[in-house]
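Below is one structure, written out as structure tokens, with a few remarks after it.
The values are calculated or read from the model by the stated rules, or taken from the named source; none is laboratory data. Since the structure is predicted, the reported quantities are computational estimates derived from the model, not experimental observations. Because the Cβ atoms are built from the backbone with ideal geometry, glycine has one as well, and the counts that use them run over all protein chains shown. Just so you know, the surface numbers come from the protein's heavy atoms only, side chains and all, with ligands and any DNA or RNA stripped out. Shrake-Rupley method; radii C 1.70, N 1.55, O 1.52, S 1.80 Å.
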Amino acid sequence: MSTNFEINPIKEWLPHINNPLLISGPCSLETEQQTLETAKLLAKDPRVFVYRGGVWKPRTRPGSFEGVGSIGLKWLQMVKKETGLPVGTEVANAQHTEEALKAGLDVVWIGARSTASPFVVQEIADVVKGSNTVVMVKNPVNPDVQLWVGAIERIYRAGIKNIVAIHRGFTPFSDTIYRNYPNWKTVIELRRVMPNLPIICDPSHIAGKRELLFEISQKAFDMGMEGLMLESHIDPSCALSDAAQQVTPADLAKLLDKLVIRHQTANNPEFETRLDMLRSRIDAIDSELLEMLSSRVEIVKEIGRYKKENNVTALQINRWAQLMDNRVNIGKALDLNETFVKILFQLIHEDSVRMQTEIMDSE
Ligand code: PEP
Ligand code: MN
């Protein structure tokens, strides 16, 4: 099935947007006062477009704060009334979704743990069917792009066209500075499969700590993502969940001041001309690279035939080790990244061995 879905651009449901989509608010709503005070401060910043607040909190282990529950929906309604900001929360089952829709929330999002479960996503899709709610789908906890696409597809098939994907990082399997490591490859793959889908980044859950928020947010813009979800709290040190990664609305504004927003194009003919010129140089170099590779393949095949006549193996470990050392050294002298050169020659060598074994096994 084609995944070239007609998903709406953000502007369709947020016509006044003139900047990247910024969603901010506390990880969890805790009290009416905390909810409203945070919202009022955020609403003063024209860069904030949507207010978020977790009402039902998916916690990895039981016993931690699991959210205030349905009462939080009332507080979100108050935020909407008093600040005019659209409001949203996370839903993790049919009942949450029914309540959120009934409360008139503008946005619901599916959390990472739920996206990983097709049953849960379908349950939510069945409830949002026919509504005009914006549905945001966080990536699943594991870097499985098909699972992410599948969740988006379930929502789309329920007739929802206002969909946004959120990159919030993936569960790490080894030591990393991130709470959830960002896997940009998976995001690029999602963009390739669903070119119309707006994708934003959630640096808070990737970082796990305030200190990393700027770097991840900038990277998200450098990668052409269309917005950010950043957690904020009037007093992060007292937050009942995710205290280390939340910032005050004032610190959020400072972070936003430092970020460079990048665009798909510069709307500047001089820039376009120079970019075209540089790109045509890249195109010419790439075609030369391919021609050189094709000449290399001819020689590899000739060696294969020669080895076959002389009953010599296709793989010769010593030659391979020498070749790799030599190429890495040449690469270093040319200022090329060592890992890149190694991976490149591993690929080239693997394919050479494949071609030679094919020659040896033929006839
Ligand atoms: C959240 O947004 O507060 C949250 C729990 O998100 P995630 O599903 O990314 O863990
Ligand atoms: Mn959180």
### Summary
Residues whose built amide H sits under 5 Å from the amide H of S241, excluding neighbours closer than 5 in sequence, are S28
### Summary
Heavy-atom accessible area of the range 47-121 with neighbours in place, 1.4 angstrom probe: carbon+sulfur share in percent works out to 54
## Note on the structure
Scaled by the rule-of-thumb 2.2 N^0.38 Å, the alpha carbon Rg for the range 201-299 gives a ratio of 1.70
### Summary
Helix 269-309: inclination vs the chain longest Cα principal axis, degrees, rounded to 10, gives 40
### Message
For the chain, take the longest principal axis of its alpha carbons; what is the angle in degrees between that and the long axis of helix 317-333, to the nearest 10 within 0 to 90?
### Response
60
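Rounded to whole Å and ordered largest first, report the semi-axes of the equivalent ellipsoid of the chain derived from its Cα gyration tensor (root of 5λ).
Taking √(5λ) for each Cα gyration eigenvalue gives 48, 23, 21 Å.
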### Query
What angle do you read, to the nearest 10 degrees and between 0 and 90, between the alpha-carbon axis of helix 118-128 and the longest principal axis of the chain?
50
### Query
Looking only at I152, I343, I23, which one moves most when the chain is put into a Gaussian network model with springs between Cα atoms under 10 Å?
I343
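How charged is the neighbourhood of L336? Take every other residue with its Cβ under 11 Å from the Cβ of L336, and add Lys/Arg as +1 and Asp/Glu as -1.
On the way: positive: R327, K332, K342; negative: D335, E338.
Local charge sum for L336: +1.
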### Task
Calculate one ³J(HN,Hα) per residue across the range 40-45 by plugging θ = phi - 60° into the Karplus curve 6.51 cos²θ - 1.76 cosθ + 1.60, and present them in order as whole Hz with x for glycine and proline.
5, 5, 5, 5, 6, 9
#### Entry: Under 17 Å from the Cα of K342 - lysines, other chains or at least 8 residues apart
K332
### Summary
Going residue by residue through the range 252-263, the Karplus relation 6.51 cos²θ - 1.76 cosθ + 1.60 with θ = phi - 60° gives ³J(HN,Hα) values, rounded to whole Hz and with x marking Gly or Pro, of 4, 4, 5, 4, 5, 4, 7, 6, 9, 8, 9, 10
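I'd like the trypsin sites (Lys or Arg not before Pro) in the range 202-298 restricted to DSSP loop residues with at most 16 other Cβ atoms within 10 Å, sorted by number. Don't skip to the end; give the middle numbers.
On the way: sites: K209, R210, K219, K254, K258, R262, R274, R279, R281, R296; in loops: K209, R262.
Counting only loop positions with at most 16 other Cβ atoms within 10 Å, the trypsin sites (Lys or Arg not before Pro) in the range 202-298 are K209, R262.
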### Summary
Relative to the compact-globule estimate 2.2 N^0.38 Å (N residues), the Cα gyration radius of the range 238-363 stands at a ratio of 1.82
### Task
List every residue whose amide H lies under 5 Å from the amide H of L22, counting only residues 5 or more places away in sequence or on a different chain, with H placed 1.01 Å from N in the peptide plane.
F49, V50, L228
### Task
Starting at the first residue of the range 241-251, write each ³J(HN,Hα) from the Karplus equation 6.51 cos²θ - 1.76 cosθ + 1.60 with θ = phi - 60°, in whole Hz, x for Gly and Pro.
8, 6, 4, 5, 9, 8, 10, 6, x, 5, 5
### Message
Loop-only trypsin sites (Lys or Arg not before Pro) in the range 1-45, please: DSSP not H, G, I, E or B, and at most 12 other Cβ atoms within 10 Å.
### Response
K44
### Task
Could you look at the range 146-246 and say what percent of its accessible area is carbon and sulfur, using a 1.4 Å probe and all protein chains?
54
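Determine, for the range 1-139, the count of lysine pairs separated by eight or more sequence positions (or lying on different chains) whose alpha-carbon distance falls under 15 Å. Present the calculation step by step, with values, prior to reporting the outcome.
Values: K40/K80; K40/K81; K44/K80; K44/K81; K57/K138; K74/K102; K80/K102; K102/K129.
The number of close lysine pairs in the range 1-139 is 8.
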